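Here is the structure we will look at, set down as structure tokens.
Read the figures in this text as sums done on the coordinates, not as results from a lab. Given the structure is predicted, the values throughout are model-derived calculations rather than measurements. No Cβ is skipped: glycine too gets one built from the backbone with ideal geometry, and neighbour counts run over all protein chains shown.
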Amino acid sequence: MKNSLSLYLVMGSQDCPHQNPVEILEEAIAGGITCFQFREKLSGKTGIEIIRLGRQLRQICADHQIPFIANDRVDLGLILEADGIHIGQDDLPAYEVRKLIGPRRLLGVSAKTPAEAHKALQDGANYIGVGPMFTTSSKLDASAPIGPKAIEHIRQELPDIPIVGIGGITTERAGQVISAGADGVAVISAITKSSSPYEVTKNFCRQIAITKKEK
Ligand code: TZP
Ligand code: MG
């Protein structure tokens with residue numbers, strides 16, 4: 001699990017103003033991402049349009065053995081035969097989602113505190129997402145940044161829990177998040193809005209590898 005979290009791309013069509021999500025995912029996989037989450041928030045898309053895009057992205061991940069995680073929606077995850085589901089604190093309760101998706105699919109839960117992280121594990125989570133680390137414009141209802149310190153606190157109390165940091169993470173900031181105790185970083189705009197998703201992904205991989213070596 002921890003290796004799969006190393007560089008986790010999160011994306012929906014709302015995140016891709018310059019380039020097609022399919023091309024971005026292909027470039028990011030070539031650059032070295034280790035996990036992908038389909039997070040479609042564009043309200044203008046119909047159900048069938050979301051499924052069509054999801055199927056394309058899902059197939060690309062399958063072809064490259066990259067875990068494909070669906071955001072929020074268990075129904076969509078099951079339709080797309082996703083490898084897992086990621087939910088927030090205000091979505092369906094994690095233990096209910098675990099029951100729906102069975103024991104084999106991955107379950108990710110967003111958590112900000114050691115108590116939320118502990119509960120997520122008890123409810124059947126395989127990993128937690130902690131953020132926003134820094135200011136982000138990719139999540140409309142994002143709370144104030146909680147910073148890498150939040151990861152330090154969770155890591156102190158739960159030494160083995162798989163953690164991915166998220167929110168405002170750039171290549172320059174990835175190291176701080178890993179040093180704080182995260183197993184990886186989750187990224188939207190730094191990759192999806194880059195003029196070269198491939199190059200920026202390679203840079204992330206380099207920074208993450210350097211910081212992990214120092215740990
Ligand atoms: N959850 C917390 S912050 C965030 C999500 C989905 C958005 C991260 O996007 P970016 O562009 O990497 O800041
Ligand atoms: Mg959610």
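Per-residue HN-Hα couplings for the stretch 168-175, Karplus 6.51 cos²θ - 1.76 cosθ + 1.60 at θ = phi - 60°, whole Hz, x for Gly and Pro?
x, 8, 10, 4, 5, 9, 4, x
Taking only C-alpha pairs under 8 Å that are 6+ residues apart, what is the relative contact order of the chain in percent?
Numbers: 422 pairs, mean separation 49.9, N = 215.
Value for the chain: 23 percent.
Label-point separation (nm) for Ala142 and Arg55, each offset 7 Å from Cα along Cα-to-Cβ?
3.3 nm
Using θ = phi - 60° and the Karplus relation 6.51 cos²θ - 1.76 cosθ + 1.60, list the HN-Hα couplings for the stretch 85-96 in order, rounded to whole Hz, with x at every Gly or Pro.
Once θ is set to phi - 60°, the couplings for the stretch 85-96 become 10, 10, 10, x, 5, 9, 8, 4, x, 4, 5, 6 Hz.
Pop out the ³J(HN,Hα) list for the stretch 102-115 in order, Karplus 6.51 cos²θ - 1.76 cosθ + 1.60 with θ = phi - 60°, rounded to Hz; leave Gly and Pro as x.
Couplings: x, x, 8, 6, 7, 10, x, 10, 6, 8, 10, 10, x, 5 Hz.
Full extension from Met1 to Ser195: what is 0.36 nm times the residue separation minus their Cα-Cα distance, to one decimal in nm?
Values: separation 194, 0.36 × 194 = 69.84 nm, distance 3.01 nm.
Extra length available between Met1 and Ser195 comes to 66.8 nm.
Can you tell me which aspartates and glutamates have their Cα less than 15 Å from the Cα of Lys149? Leave out same-chain residues fewer than eight positions away.
Candidates past the 8-residue exclusion: Glu157, Asp183.
If each residue of separation counts as 0.36 nm, what is the full-extension length gain between Glu81 and Lys99 once their alpha-carbon separation is subtracted?
On the way: separation 18, 0.36 × 18 = 6.48 nm, distance 1.59 nm.
Going from the current span to full extension adds 4.9 nm.
Could you state the per residue volume, in Å³, of the convex hull enclosing the Cα atoms of the stretch 91-215?
Values: hull volume 14.7 nm³, N = 125.
Spread over its residues, the Cα hull of the stretch 91-215 gives 118 Å³ apiece.
Measure of size requested: the Rg and Dmax of the stretch 140-194, with Cα atoms as the atom set and Å as the unit; please supply both.
Rg, Dmax (Cα atoms, Å): 11.6, 36.
Over all directions, average the projected area of the Cα convex hull of the chain and note it in nm². Intermediate results must be reported in sequence, preceding the final value.
Numbers: hull surface 42.3 nm².
For the chain, the mean projected area of the Cα convex hull comes to 10.6 nm².
Can you list residues from other chains, or at least 5 along the same chain, whose modelled amide H is less than 5 Å from the amide H of Cys35?
Leu7, Leu9
Under the Kirkwood approximation for Rh and a Cα-based Rg, what ratio Rg/Rh is obtained for the stretch 39-152?
Numbers: Rg = 14.8 Å, Rh = 15.1 Å.
Here Rg/Rh amounts to 0.98.
Place +1 on the Cβ of every Lys and Arg and -1 on the Cβ of every Asp and Glu in the stretch 66-215, take the dipole about the Cα centre, and give the residue among Ala115, Asn203, Ala82 whose Cα lies farthest towards its positive end.
Checked the options; the winner is Asn203.
Between Ala62 and Thr170, how high is the FRET efficiency from 1/(1 + (r/R0)^6) when r is the Cβ-Cβ distance and R₀ = 30 Å? Nearest 0.05.
0.55
Counting only residues 5 or more places away or on other chains, whose amide H sits under 5 Å from the amide H of Leu106 once H atoms are built in the peptide plane?
Answer set, sorted by chain and number: Gly84, Ile85.
Which number comes out as Rg/Rh for the stretch 101-165 once both Rg and the Kirkwood Rh are worked out on C-alpha atoms? Could the numbers behind the result be given before it?
Working: Rg = 12.2 Å, Rh = 12.3 Å.
Here Rg/Rh amounts to 0.99.
Who wins for biggest fluctuation among Asp141, Asp91, Asp75 in a Gaussian network model of the chain, springs between alpha carbons below 10 Å?
Looking only at Asp141, Asp91, Asp75, the largest GNM fluctuation is found for Asp141.
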